[in-house]
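The structure appears right after this line, and notes come after that.
The values are calculated or read from the model by the stated rules, or taken from the named source; none is laboratory data. The model shown is predicted, which means the values in this text are computed figures rather than measured ones. Cβ placement follows ideal geometry from the backbone for every residue including glycine, while neighbour counts extend to all protein chains displayed.
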Amino acid sequence: YLYRLTKRSVERAIQLFEKAIELDPRYAAAYAGCSSAYGQMYWLFAREARYRDRAQELSFKALMYDNNLAEAYTAMGLSYFIAGKFEEAGASSRKAIELDPDDFIAHWTLGRIHFTNGEFEQAYALYRRVIDLKPAFLSGLADLKLTCERLNRKDEADLSRKKLLEQLPNHLLQNPDDARARMIHAIMLAEAGSRDEALRECEQALELSPGDPVMLYNCTCHYARLGEVERAIETLRQAVGAGYANFAWIRQDPDMNPLRDNAEFQALTAGP
């Protein structure tokens, strides 16, 4: 269940891992798996502090019982990443990859860190490895596409978009409540010229994930790219109000370019 990466499957993984911990309180792999499941729940589906905090707590317990377990370092890397502790997340993820070179979540976490730091070549290499290991990992494929765009590798970005548009309809048919996948679909549809369908998908993603600051920010980017300035400012206002505070990213995010001359945008993103 853990690596099916849908909300229902991750919820089921949490239930099973929590039961395993109850049955064997010293089972390091169960702590690691449960931590990763909570981390995925927080990052992909529901930005609730209880998921983030539980992910970190369980990753420490996993390492306490087995400090040579690759999955424990993967879990710790993800838990640090979602807490915004990139240096610690990077160290844990690299240790996980050293112990298990085929761990796609550790590669993905490290790729996210490099991308956020503007180190796109390093992110690209890691995302390529992620897709080699897990071709159906939608978030990894979307991240690879975005990185290719940053590196002006248009042909490869177009290929990633094509793969996403092929995979997403069936995924959403089976997982209609996957807000993140629906948001990715909205972006791909917009880029393919299906504006009205893209707007509907974006609105449905927001309905499925109300108050999620990252989802609201993603919708801001989507609206901005479509020229929907008023909608973009409204969702950005909601994102900041819900706790989105990565102002350093906003300042260099090219998706925000259509909004930069707007006075309210400037006020909302002044930040620290």
In this structure, is Glu201 crowded, with 17+ Cβ neighbours inside 10 Å and more than 19 Å from Met256 (Cα to Cα)? yes
Looking only at the stretch 30-48, how many residues end up being touching an Asp or Glu at 6+ places or on another chain (Cβ under 6 Å) and among the aliphatic types (A, V, I, L, M)? 1
Condition (residue is touching a Phe, Trp or Tyr at 6+ places or on another chain (Cβ under 7 Å), surrounded by fewer than 18 Cβ atoms within 10 Å (Cβ to Cβ) and either closer than 24 Å to Thr116 by Cα or not assigned by TED's automatic domain parsing to the domain that holds Leu226 (or both)) applied to the stretch 143-154: is it met by at least one residue? yes
Restricted to the stretch 89-108 and to residues being assigned to a helix (DSSP H, G or I) and under 14 Å from Ala32 (Cβ atoms), the residue modelled with the lowest pLDDT is Ile105
Which condition number does Asp178 fail, the rest of (1) more than 17 Å from the chain's Cα centre (by Cα); (2) touching a residue at least 60 places away in the same chain (Cβ under 8 Å) being met? (1)
Considering only the stretch 82-106, how many residues are buried (at least 24 other Cβ atoms within 10 Å of the Cβ) and touching a Ser or Thr at 6+ places or on another chain (Cβ under 6 Å)? 4
Just checking, how many residues over the stretch 127-154 are in contact (Cβ under 8 Å) with a residue 60 or more places away in the chain and assigned to a helix (DSSP H, G or I)? 2
Would you check if there is a residue in the stretch 248-256 being aromatic (Phe, Trp, Tyr), crowded, with 19+ Cβ neighbours inside 10 Å and part of a helix (DSSP H, G or I)? no
Ala267 passes all but one of the listed conditions (1) in a loop (DSSP other than H, G, I, E, B); (2) of a type in the set (Gly, Ala, Ser); (3) without any contact (Cβ under 8 Å) to a residue 24 or more places away in the chain; the exception is number (1)
Take the residues in the stretch 15-40 that are part of a helix (DSSP H, G or I) and out of contact with any helix residue (DSSP H, G or I) (no Cβ under 7 Å at 6 or more places or on another chain); name whichever of them is nearest to Ala242 (Cα to Cα). Gln15
Residue count, the stretch 1-23 (criterion: at pLDDT 95 or above and of a type in the set (Phe, Trp, Tyr)): 1
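Please go through the stretch 41-88 and give me each residue that is outside any helix (DSSP H, G or I) and either among the polar types (S, T, N, Q) or within 15 Å of the chain's Cα centre (by Cα) (or both), ordered by number.
Of everything in the stretch 41-88, those that are outside any helix (DSSP H, G or I) and either among the polar types (S, T, N, Q) or within 15 Å of the chain's Cα centre (by Cα) (or both) turn out to be Ala46, Arg47, Glu48, Asn67, Asn68, Ala83, Gly84.
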Out of (1) touching a residue at least 12 places away in the same chain (Cβ under 8 Å); (2) assigned to a helix (DSSP H, G or I); (3) surrounded by fewer than 20 Cβ atoms within 10 Å (Cβ to Cβ); (4) of a type in the set (Lys, Arg), the one Arg12 does not meet is (1)
Search result, residues across the stretch 214-247 that are acidic (Asp, Glu) and in a helix (DSSP H, G or I): Glu230, Glu234
